[in-house]
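J.: Structure below; questions to follow.
The values are calculated or read from the model by the stated rules, or taken from the named source; none is laboratory data. Please read these numbers as outputs of a predicted model, since none were measured by experiment. Note: ideal-geometry Cβ built from the backbone for every residue, glycine included; neighbour counts use all protein chains shown.
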Amino acid sequence: MPPTDRVGQELRWSSVYSTGNAASDEKLEAACKASWSYASFCAWTYLNDIDTAHDLIDHAIENASRYISRHPERSVDKLTARIKSVIRRRAKQLAAKTGRELSSGLLVDLEHFLIATPDLEQRTYANELLDRLSPFALSVLKWRWLGYSWREIAKQLEMDHTAVRRAYFREIESLLHNLSRSGDLLECD
Amino acid sequence: MRLSWRQSSRSQDRFEKEIAQHYQRRVLAGDVVSTGPCPDEDFLRRLAKHSKRLELTDPKVDHAASCPLCVKRLLALRKEYRQRCRIWIVVGVIAGLLLVGVTFFFVIWH
């Protein structure tokens, strides 16, 4: 079984994608480490699946190892930029391939939450929602609370602002939909 | 299912505000875990002004948005910053009106 944790992932990078040159391998490893969080964010934003980050980084490293073999003089920063670019492109490709129909909640859930839910119930739902948010969505929530615009957030993450916004609301709507469903089940009982 | 984002943006914005308020309440009640030491006053001031030079992925930003003490200070600084902005707007409008008045006066006079 392939290792799924971060340390295991790093070990796998250095063993599988070795360029045969120690200096290039070092650069490649440093670039991979710098790009890992970006791969996770791309997997969440474009594919709604954090586990795909491993596939994204694998694909990018394969590409980068060929690149560094051809141009061993390239700096770590340039290599990192290339890896990030490959990750972003691959994530967009996979998102297009798997189709745009991602499972999420309904807009009705948002409207229902805002209009029909009593204050106390709203607070309970909101607490449940905040507890279940993924670390990425929670970070976005914090940055938005701090007053940063979607464009400013996306610029810092080197992503498209509409993709980040869409991913954030997709997760919230999906969670809200699940919460309202479990609420219905409770009512039925 | 496909969502129409243009039509939905208003309800999404409203919802986002609601969630942000709930989040703020939770932080102030001490229900959110914050890690690391509190950042200094200068950092909080820059954060309150939405400085573009700050790295959002900096752990200090995460702490400032999760610590009740920092959040209280941030809210106070934001209020202060908004008031200062309002004062500058009023001063600007008065200066503009004065300039128009003086120009008009000189045009009529000559």
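J.: Answer with yes or no whether residue A:87 is at pLDDT below 85 and either surrounded by 13 or more Cβ atoms within 10 Å (Cβ to Cβ) or more than 14 Å from chain B (Cβ to nearest Cβ) (or both).
T.: Taking the combined requirement at face value, the residue does not satisfy it.
J.: Listed residues A:96, A:126, A:116; which is facing another protein chain (nearest Cβ under 7 Å) and modelled with pLDDT under 90?
T.: Answer to the check: A:126.
J.: So is residue A:61 outside any loop (DSSP other than H, G, I, E, B), of a type outside the set (Asp, Glu), modelled with pLDDT under 90 and in contact with an Asp or Glu (Cβ under 9 Å, 6 or more places away or on another chain) or not?
T.: No, not satisfied.
J.: With the condition kept exactly as written, say whether any residue in the range B:38-60 is closer than 16 Å to residue A:143 by Cα, at the interface with chain A (Cβ under 10 Å from one of its Cβ atoms) and touching a Gly at 6+ places or on another chain (Cβ under 7 Å).
T.: Among the residues of the range B:38-60, at least one is closer than 16 Å to residue A:143 by Cα, at the interface with chain A (Cβ under 10 Å from one of its Cβ atoms) and touching a Gly at 6+ places or on another chain (Cβ under 7 Å), which makes the answer yes.
J.: Touching a residue at least 24 places away in the same chain (Cβ under 8 Å) and surrounded by fewer than 18 Cβ atoms within 10 Å (Cβ to Cβ): does that describe residue B:39?
T.: no
J.: While we're looking at this one, here's another question. Being surrounded by fewer than 15 Cβ atoms within 10 Å (Cβ to Cβ) and in contact (Cβ under 8 Å) with a residue 24 or more places away in the chain is the filter here; which residues of the range A:57-76 pass it?
T.: Of everything in the range A:57-76, those that are surrounded by fewer than 15 Cβ atoms within 10 Å (Cβ to Cβ) and in contact (Cβ under 8 Å) with a residue 24 or more places away in the chain turn out to be A:62, A:69, A:72, A:75.
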